[in-house]
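Undergrad: Below you'll find the structure I mean.
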Amino acid sequence: MSENHSQPSFSPASASTLDSESARYFTFFNVILALIAMTFIELVMIVLPFHKYVLLAMLLILSLIKFVLVIWYFMHLRWDRLLLTALFIAGLIIGTGTAVALYFLFPEGDGAPGAEVSLVERPTI
Amino acid sequence: MSEATAANLSPDETDHHEAPTNTGIPNKKLAMWAFLASDCMFFGTLISTHLIYRRVNPDIVIDGNTVPVTQIFDIHLTSASTFILLMSSLTMALTVSAMHKHNVKAARTFLLGTIVFGSLFLGAQAYEFYHFVHHATHPLTLTNSIFGSTFYVLTGTHGVHVLIGILWLISWYIFSFSPKFKEEHALDVEVTGLYWHFVDIVWILIFPLVYIIEYF
């Protein structure tokens, strides 16, 4: 009896919960296998003889797929209400949009050896 | 709750005994998703700052010498770290699943697994930083190059997020032995899980955009 008082006691979960969670259990393993496979492909891409921009595009697509798999399955967005997806996507769009806009706002450096260009000292247009 | 009303709710919602809200979403979960959305913007600025400086300064200059970053990075160690963090996401998902099934023992085991994987990732990052700073020929510090500044701020901020997550998980692990640990806490553990998975997805972006891209 004393052991029951010192340990948390949970009532048995409903049959529907057990069924849905058991189904998710196998989904989680499939997702992690896909994530590991895609990470392996990203590493193999280092030695692939393709053009830099092709590899970059592949890298971004793989990262995007991995990102979506985690938020959709591990973070339960697939089973949660649409409002949560909309809320997160809104933040994601603002964050990504700002990052992409800033990236293309600044010109590519000339790569002069031994020179680090400061953004502050750069002449404004 | 009537049978008809209960039938319309998902198993998660019927088991959590949360007070009803206008959105139908527990407030804690909604607050965490709002925080994660704002954290997207936070990491967005850090990642874009790193990429912009890499674009403007294609050469990494340390103490007057141009250094190929691939001579500093250890892609094998970083790949192993990535694998470890992905595995921690799996164990975290299984923890939440076990909590929904009211299986405390399994939840505790998976929680411990997540803590171990998270700690291994953090240990690998500390090891990586130490070797970058004490590199024999090209030491990379926070202040000796622009690349060092943006790299350490970005990956260090992520590391701090991981550390906070580990401390949060440890507190759950200890609390899970308390008789005060109830079924209602399944939602709280799920919210912790959301944070942990977010830390994982941020690394999913950092790994290719900061590390792998340097090898093309």
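A short reminder: the numbers here are calculations on the coordinates, not readings from a lab. As the structure is a prediction and not an experimental result, all values here were calculated from the model. Neighbour counts run over all protein chains shown; Cβ positions are idealised from the backbone, glycine included.
Undergrad: What share of all Cα pairs of segment B:112-216, in percent, falls into each consecutive 10 Å distance bin?
TA: Distribution as computed: 13, 38, 27, 14, 7, 1 percent.
Undergrad: If you scale each eigenvalue of the Cα gyration tensor by 5 and take the root, what three semi-axes come out for segment B:28-215, rounded to whole angstrom and sorted largest first? Display every interim value, and only then the final one.
TA: On the way: eigenvalues 261, 56, 29 Å².
Values for segment B:28-215, descending: 36, 17, 12 Å.
Undergrad: With point charges of +1 on the Cβ of Lys and Arg and -1 on the Cβ of Asp and Glu, referenced to the Cα centre of the protein assembly as shown, which listed residue (B:Thr45, B:Trp172, B:Phe151) lies farthest in the positive direction of the dipole?
TA: Comparing the listed Cα positions along the dipole, B:Trp172 ranks first.
Undergrad: Which angle between 0 and 90 degrees, to the nearest 10, do you get for helix B:104-133 versus the longest principal axis of chain B when only C-alpha atoms count?
TA: Value to nearest ten degrees: 10.
Undergrad: Let me ask something additional. When the C-alpha atoms of segment B:97-166 are aligned to their principal axes, what extent does each axis show, in angstrom, from largest down?
TA: Rounded to whole Å, the extents work out to 53, 20, 13 Å.
Undergrad: Please average, across the residues of A:87-95, the number of beta carbons from any other chain that are within 10 Å of each residue's own beta carbon, and give a whole number.
TA: So the per-residue partner count for this stretch is 6.
Undergrad: Could you work out, residue by residue across A:58-70, how many beta carbons of other chains sit within 10 Å of that residue's beta carbon, and then give the average as an integer?
TA: Mean partner shielding for this stretch: 4.
Undergrad: GNM on chain B, C-alpha springs below 10 Å: top fluctuator among B:Met41, B:Met99, B:Met87?
TA: In the Gaussian network model the winner is B:Met41.
Undergrad: Grab the other residues whose beta carbon is less than 14 angstrom from that of A:Tyr25, score K and R as +1, D and E as -1, and report the net.
TA: Taking every other residue near A:Tyr25 into account, the sum is 0.
Undergrad: Treating each Cα of segment A:15-75 as an identical point scatterer and ignoring solvent, apply the Debye formula and state log10 I(q)/I(0) at q = 0.12, 0.13, 0.14 Å⁻¹.
TA: -0.40, -0.45, -0.50
Undergrad: Taking the Kirkwood radius as the inverse of the mean 1/r across Cα pairs, report the Rg/Rh of segment B:27-130.
TA: Reported Rg/Rh (Cα atoms, Kirkwood Rh): 1.12.
Undergrad: Three principal axis extents, largest first, for the C-alpha atoms of the protein assembly as shown, in Å?
TA: Ordered largest first, the protein assembly as shown gives principal extents of 73, 41, 36 Å.
Undergrad: Another question, if that's okay. Return the single residue from B:Phe117, B:Phe43, B:Phe181 with maximal mean-square fluctuation; model: Gaussian network over chain B, springs between Cα atoms under 10 Å.
TA: B:Phe181
Undergrad: Evaluate E = 1/(1 + (r/R0)^6) for B:Ala136 and B:Arg55, where r is the Cβ-Cβ distance and R0 equals 25 Å; express this FRET efficiency to the nearest 0.05.
TA: For R0 = 25 Å, the calculated efficiency reads 0.30.
Undergrad: Another one. Could you estimate the translational diffusion coefficient of segment A:22-111 from the Stokes-Einstein equation, with Rh from the Kirkwood formula over C-alpha pairs, at 4 °C and 1.567 mPa s, in whole µm²/s?
TA: Estimated diffusion coefficient is 83 µm²/s.
Undergrad: Here is a further query. What list do you get for A:Phe106, A:Phe40 if you sort them by fewest beta carbons within 10 Å? Walk me through the intermediate numbers first.
TA: Details: A:Phe106 16, A:Phe40 12.
If I rank by nearby Cβ atoms, fewest first, I get A:Phe40, A:Phe106.
Undergrad: Still on this structure, please answer the following. Nearest 500 deg cm²/dmol is fine: what mean residue ellipticity at 222 nm does the protein assembly as shown get from its DSSP H runs of n ≥ 4 alone, each adding -39,500 (n - 2.57), divided by its residue count?
TA: Estimated from H runs of four or more residues: -23000 deg cm²/dmol.
Undergrad: Can you grab the distance from the C-alpha centre of segment A:53-90 to the C-alpha centre of segment B:140-163, Å, no decimals?
TA: Computed from Cα coordinates, the inter-centre distance equals 25 Å.
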